[in-house]
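> Can you read through this structure? Questions will come right after.
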């Protein structure tokens with residue numbers, strides 16, 4: 001069993017570089033299926049989720065070569081089957097991102113219900129309804145689905161609920177559809193215009209990416225080439241909160257502060273001292289006060305940064321209310337923070353009240369999911385004493401080489417195998 005051992009209460013200092021965006025890399029790799037040409041991807045995060053995506057695509061027949069850390073050569077021209085391996089799909093929720101490109105290029109895809117973090121209900125009905133609007137026929141066989149379409153036809157799709165992955169999946173499928181597709185109530189996260197940029201660079205005709213209305217004019221084929229993955233905004237926000245939580249002067253580099261403007265606004269309301277440049281953020285020791293947040297789709301406060309913000313509020317003066325309307329099981333990790341000394345009251349599955357500041361204490365904890373797991377690392381680094389964090393695969397799924405990067409800024413953390 002692998003786990004982290006962390007001796008907390010130490011000030012950190014220096015620079016920490018943000019890796020490539022997990023939530024873009026996991027979409028661009030599937031997007032390479034839309035072309036039979038070879039693609040070169042840079043600034044790719046070296047994370048477990050990405051390795052699962054590579055395994056899944058290689059099982060289909062893709063050839064993916066790691067040229068060096070963060071740079072990959074991808075060729076999908078030899079893909080020779082349309083059924084995703086069920087045990088790989090169940091390890092990775094993002095495997096569903098293969099559905100749109102496979103359907104567009106091959107006219108068929110079979111996949112089991114995807115896995116991922118247990119943070120509440122994450123149904124795939126919006127994906128299936130969207131593909132059916134584009135002309136696909138669906139059959140269900142137990143826990144797997146088969147979608148078929150001789151030719152995808154452009155359609156007007158109104159999403160009843162904003163969804164990043166549904167927006168991206170339908171956008172990719174529509175690039176090779178016949179005619180024009182309009183997606184209304186589309187998600188606007190920075191990864192969407194970045195994905196559209198990748199597709200447009202190679203021949204797609206997409207307008208409106210980053211707004212609530214996407215227009216995709218179908219083309220007959222796409223080319224491929226070189227593309228750089230944008231910095232990870234969730235990692236950026238997490239490192240900013242790490243600096244504030246440990247009362248440290250940290251410089252977070254290779255980031256895009258514009259992608260987390262709402263987060264930075266909320267942090268500055270707490271009294272956080274931040275110096276914000278074009279591609280860096282510097283944290284300074286700050287006296288914080290409690291400030292309420294409600295998570296919301298972009299450009300609101302991201303649900304993926306709710307957990308580290310909650311941990312930060314345990315060190316702020318006064319009361320703060322955290323409202324998480326997006327996922328109904330995403331606040332359960334707060335019980336673990338209470339075991340470390342926090343004073344958090346759960347009002348209902350969507351809301352908690354935090355009274356701070358409280359001294360956190362090191363203890364043995366188990367990472368429940370990706371973002372909550374990284375939050376426990378933040379808590380342990382600011383806590384008094386030694387913490388042991390188990391189930392660290394959940395953390396390594398989304399944070400590249402995190403132990404070494406934290407050690408480089410002075411954290412007393414190590415990974416051990418038992």
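> Can you pull out every residue in the range 178-209 that is over 19 Å from residue 256 (Cβ atoms) and either surrounded by 24 or more Cβ atoms within 10 Å (Cβ to Cβ) or touching a helix residue (DSSP H, G or I) at 6+ places or on another chain (Cβ under 6 Å) (or both)? Spell out how you get there, then give the answer.
Looking only at the range 178-209, we keep the residues that are over 19 Å from residue 256 (Cβ atoms), and these are 178-186, 199-200, 202-208.
Within the range 178-209, 181, 183, 186, 199, 204, 206 qualify.
> Related question: Determine whether the range 387-408 contains at least one residue that is more than 18 Å from residue 3 (Cα to Cα) and modelled with pLDDT of 95 or more.
Among the residues of the range 387-408, at least one is more than 18 Å from residue 3 (Cα to Cα) and modelled with pLDDT of 95 or more, which makes the answer yes.
> In the range 409-418, what residues are in a strand (DSSP E or B) and either under 16 Å from residue 236 (Cα atoms) or at pLDDT below 95 (or both)?
If the condition is that a residue be in a strand (DSSP E or B) and either under 16 Å from residue 236 (Cα atoms) or at pLDDT below 95 (or both), then 417 is the only one that fits.
> Hey, can you tell me all the residues within the range 4-23 that are over 21 Å from residue 415 (Cα atoms) and crowded, with 23+ Cβ neighbours inside 10 Å?
Hits for the range 4-23 are 20, 21, 22, 23.
> Just a yes or no: is a residue in the range 193-204 over 24 Å from residue 296 (Cα atoms), part of a strand (DSSP E or B) and in contact (Cβ under 8 Å) with a residue 12 or more places away in the chain?
no
Residue by residue, here is whether (1) assigned to a loop (DSSP other than H, G, I, E, B); (2) touching a strand residue (DSSP E or B) at 6+ places or on another chain (Cβ under 9 Å); (3) surrounded by fewer than 18 Cβ atoms within 10 Å (Cβ to Cβ) holds:
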| residue | (1), (2), (3) |
| --- | --- |
| 67 | no, yes, yes |
| 72 | no, yes, no |
| 79 | yes, no, no |
| 94 | no, no, no |
| 98 | no, yes, no |
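> With the condition kept exactly as written, say whether any residue in the range 295-303 is assigned to a strand (DSSP E or B), at pLDDT 95 or above, in the same structural domain as residue 397 (by TED's automatic domain parsing) and in contact with a strand residue (DSSP E or B) (Cβ under 8 Å, 6 or more places away or on another chain).
There is at least one residue in the range 295-303 that is assigned to a strand (DSSP E or B), at pLDDT 95 or above, in the same structural domain as residue 397 (by TED's automatic domain parsing) and in contact with a strand residue (DSSP E or B) (Cβ under 8 Å, 6 or more places away or on another chain).
> I would also like to ask the following. With respect to residue 54, is the statement that it is in contact with a strand residue (DSSP E or B) (Cβ under 9 Å, 6 or more places away or on another chain), modelled with pLDDT of 95 or more and either surrounded by 23 or more Cβ atoms within 10 Å (Cβ to Cβ) or part of a helix (DSSP H, G or I) (or both) true?
Considered against the rule, which asks whether it is in contact with a strand residue (DSSP E or B) (Cβ under 9 Å, 6 or more places away or on another chain), modelled with pLDDT of 95 or more and either surrounded by 23 or more Cβ atoms within 10 Å (Cβ to Cβ) or part of a helix (DSSP H, G or I) (or both), residue 54 comes out as yes.
> Also, quick follow-up: So which residues in the range 380-399 are touching a strand residue (DSSP E or B) at 6+ places or on another chain (Cβ under 8 Å) and either surrounded by 18 or more Cβ atoms within 10 Å (Cβ to Cβ) or part of a loop (DSSP other than H, G, I, E, B) (or both)?
Listed by number, the residues that qualify are 380, 381, 383, 385, 387, 389, 391, 392, 395.
> Can you confirm whether residue 256 is surrounded by fewer than 20 Cβ atoms within 10 Å (Cβ to Cβ) and within 16 Å of the chain's Cα centre (by Cα)?
Criteria met by residue 256.
> Just the residues that are assigned to a helix (DSSP H, G or I), touching a strand residue (DSSP E or B) at 6+ places or on another chain (Cβ under 7 Å) and within 13 Å of residue 378 (Cα to Cα), please, taken from the range 307-335.
Hits for the range 307-335 are 309, 310, 313.
> Moving on. So, in the range 81-92, of the ones that are in contact with a helix residue (DSSP H, G or I) (Cβ under 9 Å, 6 or more places away or on another chain) and assigned to a helix (DSSP H, G or I), which residue ends up farthest from residue 59 (Cα to Cα)?
Checked the range 81-92; the qualifying residue farthest from residue 59 (Cα to Cα) is 89.
> In addition: Given the conditions (1) more than 22 Å from the chain's Cα centre (by Cα); (2) at pLDDT below 95, which single one is not true for residue 369?
(1)
> Separate question: Would you mind finding the one in 251, 275 that is outside the structural domain of residue 27 (by TED's automatic domain parsing), over 24 Å from the mean Cα position of the chain (by Cα) and assigned to a strand (DSSP E or B)? Write out each step before concluding.
Values: 251 fails: over 24 Å from the mean Cα position of the chain (by Cα).
None of the others qualify; the one that does is 275.
The values are calculated or read from the model by the stated rules, or taken from the named source; none is laboratory data. Computed from a predicted model, the values in this text were never measured in an experiment. In this analysis, Cβ positions are derived from the backbone assuming ideal geometry, glycine residues included, and neighbour counts consider all displayed protein chains.
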